[in-house]
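Some notes on the structure that comes next.
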Amino acid sequence: MPELPEVETTCRGIKPHIENNIISKVIVRNRNLRWPIPKGLNTKLKNHKIISVTRRAKYLLIETEAGTLIIHLGMSGSLRILATNEAVEKHDHFELQFENGICLRLRDPRRFGCVLWEKENPLEHKLLNHLGPEPLAKEFDAELLFQKSRKRKTSIKQFIMDAKIVVGVGNIYASESLFLAGIHPKRLAGKITRKNALDLTVAVKKILTQAIKQGGTTLKDFTSSNGKPGYFQQKLKVYDRKGEPCQKCKKPIKQIILGQRSTFYCSHCQK
Ligand SMILES: [Zn+2]
């Protein structure tokens with residue numbers, strides 16, 4: 001599943017190709033994504049210029065003078081920049097064609113992604129308006145995490161994965177960040193110390209920054225039709241390493257289920 005680092009890398013990958021480019025046609029081949037792609041997009045967008053390509057949480061925001069397309073890659077979505085005459089494949093459901101002969105094509109075999117339209121401020125859209133800060137923004141710091149965690153009786157792992165607290169900390173990143181911060185995933189959020197909050201915000205930023213950096217090199221090519229915009233092969237320290245020795249203390253990594261998600265940790269290094 002594309003996580004925040006993949007979406008950020010996608011954003012950076014497509015941006016230079018489509019920003020300031022003028023849309024010549026919008027093609028919807030299959031409207032039935034997670035929510036139906038709205039009708040009339042061709043009329044709305046034709047001859048309009050792309051003003052900016054940005055990301056908020058795992059949503060890509062493609063802003064034009066007429067309004068903004070909000071794209072989510074769901075479980076299996078990917079975007080590519082191709083020549084408009086490049087052969088269309090089975091799961092290519094949506095595309096923006098541009099005056100200079102290229103297109104932005106969305107492929108999504110499982111169709112859990114979405115393409116939505118917002119005429120007004122996209123950050124006020126109902127899918128986005130309740131979201132917590134970006135993990136790499138200054139706003140997400142130890143004090144905010146500490147204050148928000150007070151009196152919370154949920155586990156710290158579920159807390160850090162809550163998009164209302166901070167966006168983009170998926171299941172793998174949560175396990176890895178808690179290991180780096182030395183915090184047991186089952187600790188109650190309300191019981192973490194100021195020091196824990198600092199260690200955890202630093203860990204989250206570090207893990208995500210590494211993943212994005214790696215994405216820049218792993219995700220070679222947005223302009224090839226067969227090159228898979230693959231998911232990053234990050235070096236993981238605990239995730240999916242049940243029974244293997246902890247890299248710090250050599251004791252075996254444990255696995256538990258928390259909030260129905262697999263959770264990996266070292267019972268010796270994480271308290
Ligand atoms: Zn350990």
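Considering every residue within the stretch 178-186, establish whether at least one is out of contact with any helix residue (DSSP H, G or I) (no Cβ under 7 Å at 6 or more places or on another chain), among the aromatic types (Phe, Trp, Tyr) and not in a strand (DSSP E or B). Checked the stretch 178-186: at least one residue is out of contact with any helix residue (DSSP H, G or I) (no Cβ under 7 Å at 6 or more places or on another chain), among the aromatic types (Phe, Trp, Tyr) and not in a strand (DSSP E or B). Count of the stretch 239-265 residues, restricted to those that are at pLDDT 95 or above, under 19 Å from Phe159 (Cα atoms) and within 16 Å of the ligand (Cβ to nearest atom), is 5. Restricting attention to the stretch 36-65, the residues that are surrounded by fewer than 18 Cβ atoms within 10 Å (Cβ to Cβ) and over 24 Å from Leu131 (Cβ atoms) total 10. A Cβ distance below 6 Å, combined with a sequence gap of six or more or placement on separate chains, defines the contacts here; from the stretch 247-260, residues that are closer than 20 Å to Arg187 by Cα reach residues that are surrounded by 15 or more Cβ atoms within 10 Å (Cβ to Cβ) and among the polar types (S, T, N, Q) in the pairs Ile256/Thr263; Leu258/Ser155; Gly259/Gln158.
Of all the numbered requirements in (1) under 21 Å from the mean Cα position of the chain (by Cα); (2) modelled with pLDDT of 95 or more, Gly40 misses one, and that requirement is (1). Restrict the check to the stretch 19-35 and report whether at least one residue is at pLDDT below 95 and over 23 Å from Glu120 (Cα atoms). The answer is no, given that none of the residues of the stretch 19-35 is at pLDDT below 95 and over 23 Å from Glu120 (Cα atoms). Name every residue in the stretch 93-126 that is of a type outside the set (D, E, K, R), touching a Lys or Arg at 6+ places or on another chain (Cβ under 6 Å) and outside any loop (DSSP other than H, G, I, E, B), in order of residue number. The answer is His93, Gln97, Cys114.
The values are calculated or read from the model by the stated rules, or taken from the named source; none is laboratory data. Being a predicted model, the structure only gives us computed values, none of them experimental. Glycine gets a Cβ as well: all are built from the backbone with ideal geometry, and neighbour counts include every protein chain shown.
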